[in-house]
Amino acid sequence: MSETFFELRDVSRYFRSKPSLTQRIVTALGRTGPPPALRAVDDVTLRIRAGEVVGLVGESGCGKSTLARVATGILPPSAGEVFYKGRPVTELTGKDRLNYLLKVQMVFQDPYASLNPRMKVGQLVGEALRVHKLVPKNEVGERTRGVLKEVGLDLGYMDRYPHQFSGGQRQRIGIARALAVEPDFLVCDEPVSALDVSIQAQVINLFMDVRERRGLTYLFVSHDLGVVRHISDRVAIMYLGRIVEIGTAAELFAKPAHPYSQALIRAIPSAVTRRRRAFTPLKGELPSALSPPPGCAFHPRCEHAMPICREVRPPLVQISPDRSAACHLHSTSESV
Amino acid sequence: MTADIETFAKTAEANTPLRMQVLRNIRNRPTASGAAIAIAILVLLALLAPVITPQNPYDLASLSVMDNRLAPGETGMTGITYWLGTDAQGRDMLSAILYGLRTSLLVGLTATAGALAIGSVAGLLAAHFGGAVDALLMRIVDFMLGFPSILVALILLSSIGRGVDKVVVAIMLVQWAQYARLMRAAALVERRKEYIEAALNFGLPTRHILLFHLLPNSIGSVLVVASISVASAITLEATLSFLGVGVPVTQPSLGLLIANGFEFLLSGQYWIAVFPGIALVLLVMSLNLLGDRLRRSFNVRGP
């Protein structure tokens with residue numbers, strides 16, 4: 001039982017813009033190289049243990065959603081390998097591949113775009129069951145009603161269309177759809193960021209209830225640090241396609257090691273602190289993933305930037321038993 | 001308070017099914033509702049033609065050449081009163097027009113349905129598979145749309161001959177390309193939505209995703225454009241028949257009737273050409289008016 005439940009090993013995902021005709025001609029003539037690839041996810045390694053909740057945090061555009069899609073098999077990785085229960089998923093075919101796709105389910109960010117507007121709720125939730133014949137035909141309805149009840153939706157809604165629901169209800173439908181195929185790993189791509197704050201809490205509680213009942217494992221992608229701290233066992237911080245720090249939630253939030261994590265955690269608004277904090281917001285913007293800065297991608301915005309940061313990209317190294325960070329502040333002692 | 005009422009009204013609007021909204025939109029417009037009624041009447045007349053016409057214009061035995069070119073309202077040798085006159089073969093114009101309407105509608109609707117089917121499939125495949133499939137299909141579409149449709153249809157028909165089925169094929173071939181282009185554009189937008197990713201995540205077969213997810217969500221605008229294109233298919237058929245490459249003489253459509261009466265126009269026997277002409281104008285104009293209203297209701301931009 002030593003196999004890792006789920007692992008991303010050196011996974012990268014590039015997006016290449018399609019060259020225009022003129023660009024292709026120029027390339028063919030040998031004037032320039034091919035257009036640069038956008039490195040949405042760059043060499044990420046992440047191990048997830050069964051039953052654990054891993055929070056994945058980062059700014060908009062840092063590659064969180066792409067990573068989630070690579071994990072669920074919606075996007076193939078450009079490099080690296082995804083392992084599910086110890087087996088590389090690219091080698092899976094037929095039934096095994098379908099099993100991986102179904103066991104690793106995704107809950108999407110936008111509850112308005114993630115449900116087919118032309119399908120009734122009952123059809124939508126039971127679709128995979130019907131198409132893949134996962135349960136006998138006469139039990140599809142029963143299973144569908146079961147998961148709808150589990151996420152707290154009235155069974156009278158089965159014959160309604162998605163547009164007749166509120167955002168929170170739609171997100172519950174999305175969760176029910178994922179649960180219908182009995183997954184053991186849920187990848188949640190900012191599942192509450194499109195919802196009202198009052199609804200967010202309800203949906204997060206639903207996630208936690210479901211987890212307890214079904215013993216699920218979560219990869220919870222979010223940019224809301226409060227939510228992530230509340231629900232995660234471990235937290236990974238992403239910056240420009242790379243994981244810059246990963247550790248247990250309690251430890252990481254108490255004493256962030258990477259300057260970027262420090263800046264993020266300093267920025268959490270607090271309702272209880274009375275004393276004035278010295279708050280220095282991060283300067284500048286996320287650099288373009290088309291041409292990331294050399295060395296450490298964070299160095300242009302880092303207050304601790306040293307000469308080495310501009311030249312050498314710091315590897316993710318272990319700094320304490322359950323914590324790793326990618327920063328020269330923590331790696332210099334060993335690497336030199 | 002007023003804000004509450006406004007939001008309430010908006011929610012009510014959003015919750016009314018689109019179908020009802022469109023129906024209301026048509027009913028509130030006199031031109032659109034008039035056109036809808038006109039189409040209903042014309043279709044009904046065409047369907048009931050064998051029952052209500054005094055004469056079967058295709059049955060040459062029932063025609064009397066002695067009754068040729070009678071003016072509207074005259075009574076012929078057979079005792080029938082020809083309310084719209086007769087043509088050179090002694091054919092009752094009213095009967096001929098109603099039967100012609102049948103042919104015109106049949107050709108227009110089947111050709112549009114066929115073109116819609118071919119175009120939708122082509123557009124869907126191009127959007128979903130992209131790359132070489134997309135490039136190939138869209139270059140064919142560009143090529144097809146580069147020629148004037150009347151020219152392509154003329155060349156086609158003069159090589160394969162006349163006949164209702166052949167005209168349908170010719171019109172299908174010149175019209176599928178516009179649907180393909182529209183369908184591709186709509187499907188490209190839909191394909192990026194998360195519900196398609198969800199379908200991929202469930203490992204659903206490509207055929208299933210295309211048919212049950214992409215198609216129903218992309219076809220709206222294409223259907224609306226098709227409703228306008230029925231009129232242009234009918235016009236195209238009329239033009240081809242007028243030019244003598246369309247339907248056979250034994251099964252005249254409105255266009256062929258106009259062609260038959262054309263030579264008598266200057267000799268004062270206007271009814272042989274003018275009445276089928278009026279019927280054609282009425283049909284095409286009603287289809288256009290209704291189609292245009294549908295297009296506006298669904299907020300679709302034209303091809």
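The values are calculated or read from the model by the stated rules, or taken from the named source; none is laboratory data. Quantities reported herein were computed from a predicted structural model and do not represent experimental measurements. Please note: Cβ atoms are built from the backbone with ideal geometry, for glycine as well, and neighbour counts cover all protein chains shown. Just so you know, the surface numbers come from the protein's heavy atoms only, side chains and all, with ligands and any DNA or RNA stripped out. Shrake-Rupley method; radii C 1.70, N 1.55, O 1.52, S 1.80 Å.
Can you tell me which residue is nearest to the other protein chains (Cβ to nearest Cβ) among those in the range B:161-189 that are within 28 Å of A:Gln171 (Cα to Cα) and surrounded by fewer than 19 Cβ atoms within 10 Å (Cβ to Cβ)? Ranking the qualifying residues of the range B:161-189, first place goes to B:Val189.
Across the range A:119-144, what is the number of residues that are assigned to a helix (DSSP H, G or I), away from chain B (no Cβ under 11 Å) and surrounded by fewer than 17 Cβ atoms within 10 Å (Cβ to Cβ)? The total comes to 5. In the range A:152-167, the qualifying residues are those that are at the interface with chain B (Cβ under 10 Å from one of its Cβ atoms) and out of contact with any helix residue (DSSP H, G or I) (no Cβ under 7 Å at 6 or more places or on another chain), and the one that is most open to solvent (accessible area, probe 1.4 Å) is A:His163.
If you filter the range A:54-112 down to residues that are assigned to a helix (DSSP H, G or I) and of a type in the set (A, V, I, L, M), you find that the one that is farthest from the other protein chains (Cβ to nearest Cβ) is A:Leu67. Among the residues of the range B:195-233, those identified as within 25 Å of the chain's Cα centre (by Cα) and without any contact (Cβ under 8 Å) to a residue 60 or more places away in the chain are B:Leu211, B:Pro216, B:Asn217, B:Ser232. Among the residues that make up the range A:202-223, is at least one of them closer than 17 Å to A:Leu56 by Cα and open to solvent by 70 Å² or more (accessible area, probe 1.4 Å)? Yes, the conditions are met somewhere in the range A:202-223. Remark: B:Leu214 matches the filter, which requires a residue to be within 14 Å of chain A (Cβ to nearest Cβ) and open to solvent by less than 10 Å² (accessible area, probe 1.4 Å). Entry remark, the range B:43-57: residues being among the β-branched types (Val, Ile, Thr) and loosely packed, with under 14 Cβ neighbours inside 10 Å number 2 in total.
Report yes if A:Arg69 is surrounded by 13 or more Cβ atoms within 10 Å (Cβ to Cβ), modelled with pLDDT of 90 or more and of a type in the set (Lys, Arg), otherwise no.
Yes; evaluated as a whole, the condition is true for this residue.
So, A:Arg97, is that one over 22 Å from A:Leu290 (Cα atoms), open to solvent by 40 Å² or more (accessible area, probe 1.4 Å) and among the charged types (D, E, K, R) or not? Spelling it out, A:Arg97 is indeed over 22 Å from A:Leu290 (Cα atoms), open to solvent by 40 Å² or more (accessible area, probe 1.4 Å) and among the charged types (D, E, K, R). Every test in (1) without any contact (Cβ under 8 Å) to a residue 24 or more places away in the chain; (2) within 14 Å of another protein chain (Cβ to nearest Cβ); (3) surrounded by 19 or more Cβ atoms within 10 Å (Cβ to Cβ); (4) of a type outside the set (Asp, Glu) is passed by B:Arg192 save one, and that test is (3).
From the residues in the range B:195-211 that are closer than 13 Å to B:Phe129 by Cβ and open to solvent by 30 Å² or more (accessible area, probe 1.4 Å), which one is farthest from the other protein chains (Cβ to nearest Cβ)?
Step by step, filter the range B:195-211, then rank; the result is B:Thr206.
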